[in-house]
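What follows is a set of notes on a single structure, which appears directly below.
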Amino acid sequence: MRDRLLAAEKVKAIDWRDGALYLLDQRALPFEETWLAYTDAAGVAQAIKQMVVRGAPAIGISAAYGLVLAARKRFAAGGDWKAALEADFSVLAGSRPTAVNLFWALNRLRERLDRLKPADDALAALEAEAIAIHESDREANLTMAQLGVDLIRKHQGNVQALLTHCNTGALATGGFGTALGVIRGAWLEGMVERVYADETRPWLQGSRLTAWELANEGIPVTVNADSAAAHLMKTKGITWVIVGADRITANGDVANKIGTYQLAVTAMHHGVRFMVVAPSSTIDMSLASGEEIPIEERDGSELLEIGGKRVGADVEAFNPVFDVTPADLIDAIVTEKGIVERPDTAKMALLMCRKRLH
Ligand code: MRU
């Protein structure tokens, strides 16, 4: 499957070349493919905040490259450049609060900085670390695709309809996608009849990004309103809901795009299986449960306006962009270290002791 996934690869959202970070502007998709160049940490932090780049792994990878850009500037300015770099760590860490991959990636660079020996080329070492973060995310995606497909096959391998939420594809990661990687793999194996993509209000990651990625590859995709999910499960033979994650806590609770929690409740009611696919960089063992995850709230205008034009009444809007699905509603968490079925604290701890499978 790995080779077939590699051969089918079409979309790339992050490019590191010629001393700059290039990001495919996801705000303009699916109508325009515009690449924006970034050469400093403040620019990268703004790109994350404004959702030029989004999706937990992609945010982490971008922040890592942002820190490398910052280190180059601080080093060139001379003096105690490592102390000066602290301000850049803070700017990048302040861009979005929920996806732990951001903090995980910045921590990896901090640890690399702390391990530097006097003879080391500091800038080359930091760049190598950021590239390793990017490349290992691509590898993790490929491993998870295989594991997720095996899991579908184990339970019910025939051709089926799948439901996904938000965008978890190449746009959201360093490569093929988490949940969407599994869906791509299942399609390549002839196991998918149709993918239903929740529209994903208010930012429309489903109708703008997931539908675009799948249609580009000829995978049959139908967009539905988020509120159609229960009806879909009842009438369209959905066998699995497959989603990504922004942060998974030590007990297996999962923060993901707003609307995921209600999908899990609905799936349980209809006997539809619920799979979360995320690299181990999304697992935050420092938090005991999902109660402790900071949930980002964005401006109400995202709900009350469409394309900059007001469509809602002149009132306040509540716009949390993530929610927490309790572990007991989840059938399986698929990571590059392996699968945890019916997650709980003991199983999550065991998973984190394992090595990556690639
Ligand atoms: O607000 P976004 O678009 O960054 O939210 C993205 C999601 O919720 C994804 O499901 C999650 O980050 C996993 S992406 C592989």
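Couple of notes before you dig in:
- Scan of the stretch 229-264 for residues that are on the phi < 0 side of the Ramachandran plot and surrounded by fewer than 17 Cβ atoms within 10 Å (Cβ to Cβ), ordered by number: Ala230, His231, Lys234, Thr235, Lys236, Gln262
- Contact map, the stretch 191-214: residues that are outside the structural domain of Val52 (by TED's automatic domain parsing) paired with residues that are at pLDDT below 95 and in a strand (DSSP E or B), Cβ distance under 7 Å, separation 6+ or inter-chain. Pairs shown: Met191/Gln160; Val192/Gln160; Glu193/Gln160.
- Residues located in the stretch 281-300, provided they are open to solvent by 20 Å² or more (accessible area, probe 1.4 Å) and within 16 Å of the ligand (Cβ to nearest atom): Pro294, Ile295, Glu297, Arg298, Asp299
- Scanning the stretch 29-64 for residues that are assigned to a loop (DSSP other than H, G, I, E, B) and within 16 Å of the ligand (Cβ to nearest atom), we see that the one that is most open to solvent (accessible area, probe 1.4 Å) is Gln50.
- Here the stretch 301-338 is the region considered, the condition is being of a type in the set (Gly, Ala, Ser) and assigned to a helix (DSSP H, G or I), and the residue that is surrounded by the fewest Cβ atoms within 10 Å (Cβ to Cβ) is Ser301.
- Test: Met275 is assigned to a strand (DSSP E or B) and either within 11 Å of the ligand (Cβ to nearest atom) or in contact with a Leu (Cβ under 8 Å, 6 or more places away or on another chain) (or both): yes
The values are calculated or read from the model by the stated rules, or taken from the named source; none is laboratory data. These numbers come from a predicted model, not from an experiment. Because the Cβ atoms are built from the backbone with ideal geometry, glycine has one as well, and the counts that use them run over all protein chains shown. Quick note on the areas: whole protein, heavy atoms, side chains included, nothing else; ligands and nucleic acids left out. Shrake-Rupley method; radii C 1.70, N 1.55, O 1.52, S 1.80 Å.
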